[in-house]
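Heads up: the structure comes next, in structure tokens.
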Amino acid sequence: MKKIKTLSLIFAFLFAVSAFAGCKEDTPNSSTSEEEEVEVTYEKSGYLLVDHGISEYIVLLPQNPNENEYIAANELTYFLGEATQANIAIVNEGSYNVSEKSAVISIGDTAYADQRGVKTDGSLDTSGYIMKTIDNQLFIRSDGNGMGCVYGVYDLLETSIGYRYYYTDEIYYETKETVDLYKYDVVADPDFDFRAISTWNSFLEANEDYLRRTRTVTKDEGWAWGGEMHVQLRKGGHGVINKDLWYDAHKYGTVKEDGTPDHWFSESGVQLCWTAGEEMYKQAAEDIYQRIKTEPTKTYFGIGQADVTLFCNCSRCQQAKADWALNDAGLQMQFINRVAHYVNQWVAKDFPGREIRLVVFAYYATETPPVKQDANGKWVPFSDKVIPAADNIDFYFAPIYTDYSKTLTDVENQDVYSNLLKWKDFLEGRKNQFLLYTYDTNFHHFFYNFNNFDTFREQAAKYAEHGVDFIHSQGANTTNQPCFQEMRYFVESQILWDTSKNYDALVNEFITHFYKDAAEEIRMYYDFTRYRYEQASVLNGTSYTTGIYSNIGDSDIWTEGVVDQIDRIFKKAYEKIDHYKTEDVDMYEKLYNRIKELELTMTYTKLKYYSSSYTQKEINALVDEFNFYTFKFDINTEKEGGNLTAGLFDNLKK
């Protein structure tokens, strides 16, 4: 956490990784396994939020609360009510006479919080909050839109009733009659103010509860993001320099009447020529401005390069690199500086006071900023022309060639880390924001685990250490994956809030609650798949790196012997839940499906590589199972732009 939590600590609070007796999840029959003791101690205030199922407290909101303050109050009263059966009223200022003796939980910017001296100083991030106990009263406040109040409530619930949100159908809290009010004096800011994990979006982004309770956001809702990033040469309403409109008049090789170049496009026609000149810059500004006018509530507008390489290498661009630009990032700087010049003029005239931020990628050839070293070894702008000309030009760093199985300081990632340090120096002392676009899947192999388990925390912490406050981790956002997706989301959302948390402890916690009786076997499978890449590298004399396009689905890794070993693990997992068939059918079905989703990786492997080892009857059954469960779990494709899973192996059936 960027700001230290100041808490009064006296008694030992036991947070169990397993479900304990007298505690409740969404299902009552969770198994009990070995607990992991984590000591967190809070001094009791001497007051009770709930006393034997009855609460004298009310939740106090401002007279006109915003949406997030209202949500915070409802989340608090709902989960406290579920845990204790207490009914806690929510009231607005003006309808309730509050005094210093009132049993009150004040949420948001209430006048009463001001009266009691509980105020923020305006320095909190959007997600940050303060939480303070004064005698028998509790106050939760935040800056901005009140989202921090929601997160403060979740922390209050965690310390009060052990609340943990694992998944939409796996919510944990203790059932208890009495809940203490502790002495809080908390100032909390997450390590990343913007935290987005982009996975199977047709579900996740449609479920506001899921995003809120995992403390993640989308660009659209979280940071008022208008449109997409890869918009240069994009056709349609979000396009900047629409190729359909401008290509014929300004394709590569076009010249003016005086014989000077007049092309706006690279030789390949897939990127802009960033040295095209003022006419193109103004047209690009007009295109982005149309989007700004039609999106009045948005702040961030992407104007990123096309999602391909093949940048312009015309003589004009080559000369500019030699004279003042150094590299493609330098050329793009001139482009965005001129676009910002026009846009900022128009916004100031038409929308005085409106904040607009223009975002370009640092991606592929633009990952390295246009810098040189000064006499002291510091990275400084290569020339004055590559300095951001406006404070509202931001840079979206997308280090696509990262090896995610290594830390940023490992030699395999030396170029990525070097670029990070260069950008930090380049932007030092400036108000331009440095945003991070990172990756959480292998786009060529959606059925195999992306092995960043041991490095996700370190990479996130290193970026936070170097000033990154905005992180968007892209997974497979066109399909679900059978690769611990629910666990990844829980663990990663926890880490992005606080990078000091222990990744492995969070994994254990999730597996224990989510897979219950089969937790031991699922943990065994998790470990097996983590270590298999390293083992195969040694055995085969080949480095199986975890890049977003590396060959992690090779049959040399997932040999038939490995598949047989994993089969035995899953067989044991199913045996562990078998007793629910007669004891709790709903629980059996839920756990069976959770295990089956993971097992689809091996079903896919058997059919892809080893179908000759099975009888025709077994093959037919495997294909039917694969088709049924990939449909059930929304696993639509085997790789980005690849074959649909529906009917993928139907040719094997007879």
Study note, to complete from the structure: If we keep only residues of region 630-654 that are hydrophobic (A, V, I, L, M, F, W, C), in a loop (DSSP other than H, G, I, E, B) and within 24 Å of Ser612 (Cβ to Cβ), then the residue modelled with the lowest pLDDT is Ala646
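Quick check on region 423-439. Is at least one of its residues in a helix (DSSP H, G or I) and open to solvent by 20 Å² or more (accessible area, probe 1.4 Å)?
Let us first name the residues in region 423-439 that are in a helix (DSSP H, G or I), namely 423-427.
Filter once more, so that each one left must be open to solvent by 20 Å² or more (accessible area, probe 1.4 Å): 424-425.
Yes.
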Exercise for review: Mind counting the residues in region 609-626 that are in contact with a Ser or Thr (Cβ under 8 Å, 6 or more places away or on another chain) and open to solvent by 30 Å² or more (accessible area, probe 1.4 Å)?
Suggested key: 2
Review point. Which residue pairs have Cβ atoms under 7 Å apart, sit 6 or more places apart or on different chains, and have a first residue in region 72-101 that is within 14 Å of Leu49 (Cβ to Cβ) and modelled with pLDDT of 95 or more and a second that is buried (at least 19 other Cβ atoms within 10 Å of the Cβ) and polar (S, T, N, Q)?
Key: Ala86/Ser55; Ile88/Ser55; Ile88/Thr77
Revision key, fill the gap. Over region 568-596, the set of residues open to solvent by less than 40 Å² (accessible area, probe 1.4 Å), under 17 Å from Phe528 (Cβ atoms) and not aromatic (Phe, Trp, Tyr) is Ile569, Ala573, Ile595
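Which one of these is touching a strand residue (DSSP E or B) at 6+ places or on another chain (Cβ under 6 Å) and of a type in the set (A, V, I, L, M): Ile393, Ile400?
Working: Ile400 fails: touching a strand residue (DSSP E or B) at 6+ places or on another chain (Cβ under 6 Å).
The unique qualifying residue is Ile393.
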Point to revise | Pairs, first over 16 Å from Gly330 (Cβ atoms) in region 260-276, second among the hydroxyl-bearing types (Ser, Thr, Tyr) and outside any loop (DSSP other than H, G, I, E, B), C-beta under 7 Å, six or more apart | key: Phe265/Tyr247; Gly269/Tyr247
**Study point:** Filtered residues of region 270-294 (kept if in contact with a helix residue (DSSP H, G or I) (Cβ under 7 Å, 6 or more places away or on another chain), open to solvent by less than 10 Å² (accessible area, probe 1.4 Å) and in a loop (DSSP other than H, G, I, E, B))
**Key:** Cys273, Trp274
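With the condition kept exactly as written, say whether any residue in region 140-150 is among the aliphatic types (A, V, I, L, M), open to solvent by 10 Å² or more (accessible area, probe 1.4 Å) and not in a loop (DSSP other than H, G, I, E, B). Working first, answer last.
At the first step, the residues of region 140-150 found to be among the aliphatic types (A, V, I, L, M) are 140, 147, 150.
Those still in the list that are open to solvent by 10 Å² or more (accessible area, probe 1.4 Å) too: 147.
Among the residues that remain, those that are also not in a loop (DSSP other than H, G, I, E, B) are: 147.
The answer is yes; a qualifying residue exists.
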Exercise for review: Check Ser123 against each of (1) over 26 Å from Gly162 (Cα atoms); (2) modelled with pLDDT of 95 or more and name the one condition it does not meet.
Suggested key: (2)
Check your understanding: Of (1) surrounded by fewer than 20 Cβ atoms within 10 Å (Cβ to Cβ); (2) without any contact (Cβ under 8 Å) to a residue 60 or more places away in the chain, Arg532 satisfies all except one. Which?
Key -> (1)
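Considering every residue within region 343-363, establish whether at least one is among the polar types (S, T, N, Q) and open to solvent by less than 10 Å² (accessible area, probe 1.4 Å).
Step one: of region 343-363, the residues among the polar types (S, T, N, Q) are 344-345.
Still in the running and open to solvent by less than 10 Å² (accessible area, probe 1.4 Å): none.
Among the residues of region 343-363, not one is among the polar types (S, T, N, Q) and open to solvent by less than 10 Å² (accessible area, probe 1.4 Å), which makes the answer no.
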Study note, to complete from the structure: Scanning region 475-487 residue by residue, the ones that are open to solvent by less than 10 Å² (accessible area, probe 1.4 Å) and either on the phi > 0 side of the Ramachandran plot or part of a helix (DSSP H, G or I) (or both) total 2
Check your understanding: Of the conditions (1) at pLDDT below 95; (2) open to solvent by 60 Å² or more (accessible area, probe 1.4 Å), Tyr300 fails just one. Which one is it?
Key -> (2)
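In region 303-334, which residues are outside any helix (DSSP H, G or I) and open to solvent by less than 10 Å² (accessible area, probe 1.4 Å)? Break it down stepwise before answering.
Quick first cut of region 303-334, residues outside any helix (DSSP H, G or I) only: 303-314, 326-327.
Matches in region 303-334: Ile303, Gly304, Gln305, Cys312, Cys314.
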Review point. In this structure, does Ile134 turn out to be at pLDDT 95 or above, of a type in the set (A, V, I, L, M, F, W, C), open to solvent by less than 20 Å² (accessible area, probe 1.4 Å) and farther than 22 Å from Thr297 by Cβ?
Key: no
Exercise for review: Report whether or not Thr110 is surrounded by fewer than 22 Cβ atoms within 10 Å (Cβ to Cβ) and either within 24 Å of Tyr163 (Cα to Cα) or within 35 Å of the chain's Cα centre (by Cα) (or both).
Suggested key: no
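The values are calculated or read from the model by the stated rules, or taken from the named source; none is laboratory data. Keep in mind that this is a model prediction, so the values were computed, not measured. We place every Cβ from the backbone using ideal geometry, glycine too, and count neighbours over all the protein chains shown. These area figures cover heavy atoms from the full protein model, side chains too; ligands, DNA and RNA do not enter into them. Shrake-Rupley method; radii C 1.70, N 1.55, O 1.52, S 1.80 Å.
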